[in-house]
Amino acid sequence: MDLQRSLFDDFENNDNVAEQSASKAQQPDTKAQQPEAKAQPTGDEARILELRETLNRHNHSYYVLNQPTISDQEFDHLMRELQDLEAQHPEFADPLSPTQRVGSDLSQGFQQVTHERPMMSLGNSYSIAEVQDFLRRAKDGLGGEPVEIVGEMKYDGTSISVTYENGRLVRAVTRGDGVRGDDVTANVITIRSIPLELPKDMDYPTRFEVRGEILMPWASFERLNKERAFNEEPLFANPRNAAAGTLKMQNSAEVARRGLDAYFYFLLGDNLPYKTHTEAMEAVRSWGFKVAHTEVLESIDAVSDFIERWDQDRKTLPVATDGLVFKLNSLRQWLNLGATAKSPRWAIAYKFAPERECTKLKFVSFEVGRTGVITPVANLDPVLLSGTIVKRASLHNEDIIRQLDIHDGDMVYVEKGGEIIPKIVGVDTKQRQPDAQPVKFVTHCPVCGTALQRIEGEAAWVCPNKWECKPQITGRIEHFVARHAMNIDGIGEEVAAQLHESGLVDNIADLYDLTIDRLVALDRFQLKSAQRIMRGIEQSKQVPFERVIFALSIQFVGETTAKVLARNVHNIDRLMAMSADELAAIPEIGPKIAQSIVEFFAVDSNRDIVERLRWAGLQMALSEQELASRTTKLEGKKIVISGVFQHHSREEYKAIIEQNGGKNVSSISKATSFILAGDNMGPAKLEKAQKLGIDIINEDQFLMMIE
Ligand code: AMP
Ligand code: ZN
């Protein structure tokens, strides 16, 4: 009988089963099978193995214990030595080598895997009374036996199951629907705090599974969203969505870059020797995992204190939590109680109310973005909210200010709900000073003094002084050099301002007149930074046309729109010559975008900039190659993609459809031409397709079709 497996099955109380398994658990085979004695490795192989072990150890100290044992340089040095040796000796390659943490940008697709033991969710409670009810039910179910309770954080990320064999990570699978999940091993390997290989001298079971939560720490989340805001990409609503989205990415190199973390809270396996959850978690911790903070609570008062304490203390944690989890400690009791169809009877989640703080509004500032839009920002007395200190909150626009009826010096309620930027959700009018004045929106640009204009049909005010208003100029430079645009390294906010103030760069075309000499002549400018910038500028001449369009800072033309334009218009001359009606006839280009493009190219100085960029050698058309590989084989076809594929990822299939003149649509209707179906197409989609008589084409047929 498999002790832990049955913990997750639904079954009636059965003391026999419990005793049998409990006694079996006394004589476990826990020791990892050490590999057969082999000749001792020598030379480079020995050094490779030694380096891997050393790096794994330092990695654990740094990412799990938060106690670095060597300097970053030393670490990098050892890593480079290992990389070099592995490059010289492909025969000693290991997918779990510490060098593999950086991931790869080859897309992989995800295999669906059936969980050995289903992954369940947890029942919820919202008050101490409900926790008491839970404990009473548990005791009743156990025939009145006493119970020991443990409390843990409920980490707010995405759950993961990771299996180890002989101390090596073999597979990581998402929860999926609880029965089947996606194999995301390649991405999980990039998470530095997850051990890939356990230290040899430890006493772990030959085969076991740990379950936990993959999280995006607040710091990584904020960095990522800042970057996305800058690139005009949609922001992640919260760290949970960001973690889940990142884990499902096709590009593990990007996953590696985003800084995920993981905490574990379950150990599963056959014939494990532990009697309690705390014992099992201590073991997991000793093997090198980051483990949930687990506390034994002796009484209901202790439970109550735990809730009160962590409702405060969780705000200082580096990761998001949305509550606590209470579990019975005895694994025998887990087995006896079993589970309902959805959740175990021996654990319950306790959810916190969303976090909100009251603080003083110091003043409202008005900030000018690169497109001239004015954003009102509330500057606050610093307050701790969900793990970060909040000093500023967006007030969005004039309408919101009016709705909140916010006055100078008000005490305001701040929430960090879904969005990255905290928001003000209300005002405590009782604490308002009698002479306080309502906050007024500015009428003139706070930087250049130009009278603001209101964008028709929108709540936003803009400074129309596009070509002389400093934050708009430097904002456009920063946007131009951003990673998703021209990707020129070394020009951040400060350097952009410095380039502008020194008179070297007034607009983006001026960047191509820069020289090393001119850069190093600037105040505090290092030769190295100058070289880096010049290298980036040179490389930007190869950046594809679609990103050049994006980099121009045409209002409303984000990354996706720029792609659509490049694909449909092919070169800059046509783009500049098109009328608003012609542009609006392109699918996905609305009248507002069309108008903005026409207005942009109507300005002489913008046309000049384009000419200078062309002269500098930037890509002003789709490449020959891109044009040549385009066909009209799918012209006019609306295609739905469904299921899991073997040869290409979904994203690749989308690109292939577009390359061949087709259109990828998300839902099935009468207008759908056919469905490109992989494995496990959803039953609802299948039924709908059959009802409407729409063809279902598999991967191979599709690839033949466009051959
Ligand atoms: P819910 O998704 O609200 O049903 O909550 C259940 C989920 O909470 C589980 O699937 C886990 O992903 C997550 N969780 C977070 N922290 C813990 C913890 N300490 N113990 C168990 N589950 C946890
Ligand atoms: Zn201005």
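Observations, loosely collected:
- Selection within the stretch 330-371: residues that are more than 13 Å from ligand 1 (Cβ to nearest atom) and among the aromatic types (Phe, Trp, Tyr). The member of this set that is least open to solvent (accessible area, probe 1.4 Å) is PHE366.
- Residues that are surrounded by 11 or more Cβ atoms within 10 Å (Cβ to Cβ), without any contact (Cβ under 8 Å) to a residue 60 or more places away in the chain and of a type in the set (D, E, K, R) within the stretch 85-111 comprise GLU86, ASP94, listed in sequence order.
Here's the yes/no breakdown for (1) in a helix (DSSP H, G or I); (2) open to solvent by less than 10 Å² (accessible area, probe 1.4 Å); (3) away from ligand 2 (no atom under 16 Å from the Cβ):
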| site | (1), (2), (3) |
| --- | --- |
| VAL210 | no, yes, yes |
| ALA242 | yes, yes, yes |
| MET249 | no, no, yes |
| ASN271 | no, no, yes |
| ALA280 | yes, yes, yes |
| ALA283 | yes, no, yes |
| PHE289 | no, yes, yes |
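- Condition check for LYS416: open to solvent by 40 Å² or more (accessible area, probe 1.4 Å) and either within 16 Å of ligand 1 (Cβ to nearest atom) or at pLDDT below 95 (or both): no
- The requirement of being part of a helix (DSSP H, G or I) and either polar (S, T, N, Q) or out of contact with any helix residue (DSSP H, G or I) (no Cβ under 6 Å at 6 or more places or on another chain) (or both) is satisfied by GLY475.
- Within the stretch 170-193, no residue satisfies the criterion of being away from ligand 1 (no atom under 15 Å from the Cβ), over 17 Å from the mean Cα position of the chain (by Cα) and open to solvent by less than 10 Å² (accessible area, probe 1.4 Å).
- Some residue of the stretch 659-668 being more than 21 Å from GLU559 (Cβ to Cβ) and surrounded by 19 or more Cβ atoms within 10 Å (Cβ to Cβ): yes
Residue-by-condition table, conditions (1) under 28 Å from the mean Cα position of the chain (by Cα); (2) farther than 30 Å from ARG402 by Cα; (3) not charged (D, E, K, R):
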site: THR294; (1), (2), (3): yes, yes, yes
site: THR321; (1), (2), (3): yes, yes, yes
site: LYS327; (1), (2), (3): no, yes, no
site: ALA353; (1), (2), (3): yes, no, yes
site: ARG356; (1), (2), (3): yes, no, no
site: ASP381; (1), (2), (3): no, no, no
site: VAL390; (1), (2), (3): yes, no, yes
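- Test: residue in the stretch 252-260 that is crowded, with 17+ Cβ neighbours inside 10 Å, in contact with a strand residue (DSSP E or B) (Cβ under 9 Å, 6 or more places away or on another chain) and either in contact (Cβ under 8 Å) with a residue 24 or more places away in the chain or assigned to a helix (DSSP H, G or I) (or both): yes
- Extreme residue, nearest to ligand 1 (Cβ to nearest atom), among residues of the stretch 153-169 that are more than 16 Å from PHE306 (Cα to Cα) and of a type in the set (D, E, K, R): ASP156
- Flag for ILE374 being open to solvent by less than 50 Å² (accessible area, probe 1.4 Å), part of a strand (DSSP E or B), aliphatic (A, V, I, L, M) and at pLDDT 95 or above: no
- The helices (runs of 4 or more DSSP H) located wholly in the stretch 506-604 that include 2 or more residues which are among the acidic types (Asp, Glu), open to solvent by 10 Å² or more (accessible area, probe 1.4 Å) and on the phi < 0 side of the Ramachandran plot occupy 580-584.
- Whenever a residue of the stretch 630-652 is closer than 14 Å to LYS663 by Cα and open to solvent by less than 20 Å² (accessible area, probe 1.4 Å), its partners that are assigned to a helix (DSSP H, G or I) and aliphatic (A, V, I, L, M), lying with C-beta atoms within less than 9 angstrom and at least six residues away or across chains, give the pairs LEU634/ILE656; LEU634/ILE657; LEU634/MET705; LEU634/ILE706; ILE639/ILE657; VAL640/ALA689; ILE641/ILE657.
- Pairing residues of the stretch 54-76 that are more than 21 Å from LEU215 (Cβ to Cβ) and free of Cβ contacts under 8 Å to residues at least 60 places away in the same chain with residues that are among the charged types (D, E, K, R) and open to solvent by 70 Å² or more (accessible area, probe 1.4 Å), at Cβ distances under 9 Å and at least 6 apart in sequence or on separate chains, gives HIS58/GLU74; THR69/ARG57.
- Restricting the first member to the stretch 506-529 and to residues that are in contact (Cβ under 8 Å) with a residue 24 or more places away in the chain, and the second to residues that are surrounded by 17 or more Cβ atoms within 10 Å (Cβ to Cβ) and small (Gly, Ala, Ser), the beta-carbon pairs closer than 9 Å and six or more apart or on different chains are ILE508/ALA551; ILE508/SER553; LEU511/SER540; TYR512/SER540; LEU522/ALA530; SER529/GLY490.
- Extreme residue, least open to solvent (accessible area, probe 1.4 Å), among residues of the stretch 483-492 that are over 11 Å from VAL548 (Cα atoms) and within 24 Å of the chain's Cα centre (by Cα): ILE488
- The set of residues in the stretch 674-699 that are surrounded by fewer than 17 Cβ atoms within 10 Å (Cβ to Cβ) and either free of Cβ contacts under 8 Å to residues at least 12 places away in the same chain or farther than 15 Å from PHE645 by Cβ (or both) comprises PRO683, ALA684, LEU686, GLU687, GLN690, LYS691, LEU692, GLY693, ASP695.
So that you can scan it fast, the table gives a plain yes or no per residue for (1) more than 16 Å from ligand 2 (Cβ to nearest atom); (2) of a type in the set (D, E, K, R); (3) part of a helix (DSSP H, G or I):
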site	(1), (2), (3)
ARG314	yes, yes, yes
VAL319	yes, no, no
LEU324	yes, no, no
GLN333	yes, no, yes
ALA349	yes, no, no
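- Among (1) away from ligand 2 (no atom under 16 Å from the Cβ); (2) touching a Lys or Arg at 6+ places or on another chain (Cβ under 8 Å) - the single one LEU297 does not satisfy: (2)
- Candidates in the stretch 465-475 are the residues that are open to solvent by less than 50 Å² (accessible area, probe 1.4 Å) and within 8 Å of ligand 2 (Cβ to nearest atom); of these, the one that is nearest to GLN595 (Cα to Cα) is ASN465.
- Scan of the stretch 426-458 for residues that are surrounded by fewer than 13 Cβ atoms within 10 Å (Cβ to Cβ) and assigned to a loop (DSSP other than H, G, I, E, B), ordered by number: ASP428, GLN433, PRO434, ASP435, GLN437, LYS440, THR443, GLY449, GLU456, GLY457, GLU458
- Among residues of the stretch 383-399, those that are in contact (Cβ under 8 Å) with a residue 12 or more places away in the chain and either aromatic (Phe, Trp, Tyr) or not in a loop (DSSP other than H, G, I, E, B) (or both), counted: 11
- Members of the stretch 446-461 found to be near ligand 2 (Cβ under 9 Å from one of its atoms) and within 22 Å of LYS592 (Cβ to Cβ), listed by number: LEU452
- Criterion applied to VAL150, VAL131 was being surrounded by 20 or more Cβ atoms within 10 Å (Cβ to Cβ), within 16 Å of ligand 1 (Cβ to nearest atom) and assigned to a strand (DSSP E or B), and the one residue passing it is VAL150.
The values are calculated or read from the model by the stated rules, or taken from the named source; none is laboratory data. Everything quoted here is computed from the prediction, not taken from an experiment. In this analysis, Cβ positions are derived from the backbone assuming ideal geometry, glycine residues included, and neighbour counts consider all displayed protein chains. The area values use the complete protein model at the heavy-atom level, side chains included, leaving out ligands, DNA and RNA. Shrake-Rupley method; radii C 1.70, N 1.55, O 1.52, S 1.80 Å.
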